[in-house]
Amino acid sequence: MDDRKTAARKPARRSGDRDGFTAEERAAMKERARELKEASSKADGEAELLAKIGDMREPDRTMAERLHALVKAHAPTLSARTWYGMPAYAKDGAVLCYFQSAAKFKTRYATLGFSDKAKLDAGGMWPNAFALKEMGPAEEARIAALLKQAVG
């Protein structure tokens with residue numbers, strides 16, 4: 001057997017990874033497992049969401065606080081919770097949108113993401129995640145419109 005073919009099939013490992021996941025990815029998976037374990041006993045997902053926002057660094061904390069206020073104002077039927085340790089908002093128990101801080105996975109911008117449950121369909125292709133570096137009036141207006149559309 002040709003050793004070159006066998007070696008080519010093995011996925012490349014990232015430096016320092018034992019199992020192919022970064023430390024940040026492993027931490028997110030542990031947070032999700034804890035969330036699932038505590039879901040049945042936890043009545044107030046909003047308190048946990050607000051605590052996660054409080055732990056964020058600036059400017060992500062301010063953007064997450066503003067997003068929370070926008071959700072409360074424009075999509076009040078969504079319930080606050082955490083998802084993989086990130087602030088998230090659910091409809092009928094399923095995550096509809098989430099906020100990922102830039103520090104979460106050491107990226108250069110925060111992300112506002114939507115799940116497939118969000119009704120953002122626009123033809124054959126549409127965005128389901130948005131980079132956020134700042135949140136001014138124009139961004140807030142766009143987010144409010146996206147939230148209203150996502151909820152349907």
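The values are calculated or read from the model by the stated rules, or taken from the named source; none is laboratory data. As the structure is a prediction and not an experimental result, all values here were calculated from the model. Note that each Cβ is placed from the backbone with ideal geometry, even for glycine, and that neighbours are counted across all protein chains shown.
Data table
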{"read-out": "Hits in region 4-28 (condition: within 14 Å of residue 105 (Cβ to Cβ), in a loop (DSSP other than H, G, I, E, B) and at pLDDT 80 or above)", "value": "21, 22"}
{"read-out": "All positions within region 97-149 that are of a type in the set (Gly, Ala, Ser) and within 15 Å of the chain's Cα centre (by Cα)", "value": "101, 102, 103, 110, 113, 115, 118, 129, 131"}
{"read-out": "Answer from 66, 61, 34 - the residue that is out of contact with any strand residue (DSSP E or B) (no Cβ under 7 Å at 6 or more places or on another chain) and over 27 Å from residue 136 (Cβ atoms)", "value": "34"}
{"read-out": "Out of 131, 138, 110, sole residue that is within 18 Å of residue 87 (Cβ to Cβ) and free of Cβ contacts under 8 Å to residues at least 24 places away in the same chain", "value": "131"}
{"read-out": "Residue check, residue 148 touching a helix residue (DSSP H, G or I) at 6+ places or on another chain (Cβ under 7 Å), touching a residue at least 12 places away in the same chain (Cβ under 8 Å) and surrounded by fewer than 19 Cβ atoms within 10 Å (Cβ to Cβ)", "value": "yes"}
{"read-out": "Failed item, numbered, when residue 76 is tested on (1) under 18 Å from residue 50 (Cα atoms); (2) in contact with a helix residue (DSSP H, G or I) (Cβ under 6 Å, 6 or more places away or on another chain)", "value": "(2)"}
{"read-out": "Flag if residue 31 is surrounded by fewer than 18 Cβ atoms within 10 Å (Cβ to Cβ), modelled with pLDDT of 90 or more and either farther than 24 Å from residue 109 by Cβ or of a type outside the set (Val, Ile, Thr) (or both)", "value": "no"}
{"read-out": "Considering residues of region 60-94 that are among the acidic types (Asp, Glu) and farther than 15 Å from residue 151 by Cα only, the residue surrounded by the most Cβ atoms within 10 Å (Cβ to Cβ)", "value": "60"}
{"read-out": "Residues located in region 96-146, provided they are among the aliphatic types (A, V, I, L, M) and touching a strand residue (DSSP E or B) at 6+ places or on another chain (Cβ under 7 Å)", "value": "96, 102, 110, 112, 118, 120, 129, 131, 132, 143"}
